[in-house]
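Everything on this sheet refers to the single structure shown next.
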Amino acid sequence: MNRLDYFIARLEANMSPMEYVRSVKENPDQYILLDVRVGPPDIKKDKIKGAVEIPLDRLEERLSELPKDKEIIAYCWDTWCTLAAKAAIILLENGYGAKEMHGGIAAWKTLGLSVSPVDGGKDSLQSCEF
């Protein structure tokens with residue numbers, strides 16, 4: 001793969017937090033935000049407000065909870081984390097539309113966007129609020 005193809009593919013596979021916010025405002029029913037982080041409660045205290053929580057290590061067994069008619073935007077901890085990329089592979093292999101949110105929850109919080117406490121259970125599939 002040459003550099004041009006790499007960068008085109010990278011942009012097609014990722015979405016920044018600001019791109020997500022803009023896209024959801026334009027098409028609110030088209031996206032599901034998916035928190036795939038794995039970690040103990042003392043570290044994983046909050047999540048992006050409105051995100052569905054399915055840890056990567058449980059994703060395959062819970063795929064049926066996600067709609068196939070929406071673009072699923074997976075996020076993890078930060079740019080150094082690969083959980084969202086791994087989740088996107090699982091989703092794409094199973095017929096879902098998926099992208100990775102670049103920068104994870106760290107980028108989201110840096111931009112001052114809304115977070116809420118982690119509830120540790122299943123969230124309903126709802127729209128994300130900013």
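For the pair residue 13 and residue 46, the difference between a 0.36 nm per residue extended length and the Cα-Cα distance amounts to 9.4 nm.
For the range 8-130, which whole-number percentage of the solvent-accessible area (1.4 Å probe, protein heavy atoms only) is attributable to carbon and sulfur atoms? Result for the range 8-130: 52 percent of the exposed heavy-atom area is carbon or sulfur. What residue among 48, 90, 72 shows peak mean-square fluctuation when the chain is described by a Gaussian network model with Cα springs under 10 Å? Highest fluctuation of the listed residues: 90.
Rounded, prolate or oblate: pick one for the chain, where a ≥ b ≥ c are the square roots of the eigenvalues of its C-alpha gyration tensor, a/c under 1.5 means rounded, and failing that, prolate if a/b is larger than b/c, else oblate. Because its axes are fairly even, with a/c under 1.5, the chain counts as rounded. Taking the average, over residues, of other Cβ atoms within 10 Å as the packing measure, peptides 14-20, 77-83 rank 14-20, 77-83 from highest down.
The slack in the chain from residue 69 to residue 111, taken as 0.36 nm per residue of separation less the alpha-carbon distance, amounts to 12.2 nm. Largest GNM mean-square fluctuation among 106, 85, 74, using the chain with Cα springs under 10 Å: 106. Prolate is the label for the range 1-75, because a/c, from the alpha-carbon gyration tensor with a ≥ b ≥ c as root eigenvalues, is 1.5 or above and a/b exceeds b/c. Of 66, 111, 34, the residue with the greatest mean-square motion in the GNM of the chain, using alpha carbon springs below 10 Å, is 111. Normalised per residue, the accessible area of the chain is 56 Å², obtained with a 1.4 Å probe and no contribution from ligands, DNA or RNA.
The values are calculated or read from the model by the stated rules, or taken from the named source; none is laboratory data. These figures come from a predicted structure and were not determined experimentally. No Cβ is skipped: glycine too gets one built from the backbone with ideal geometry, and neighbour counts run over all protein chains shown. Just so you know, the surface numbers come from the protein's heavy atoms only, side chains and all, with ligands and any DNA or RNA stripped out. Shrake-Rupley method; radii C 1.70, N 1.55, O 1.52, S 1.80 Å.
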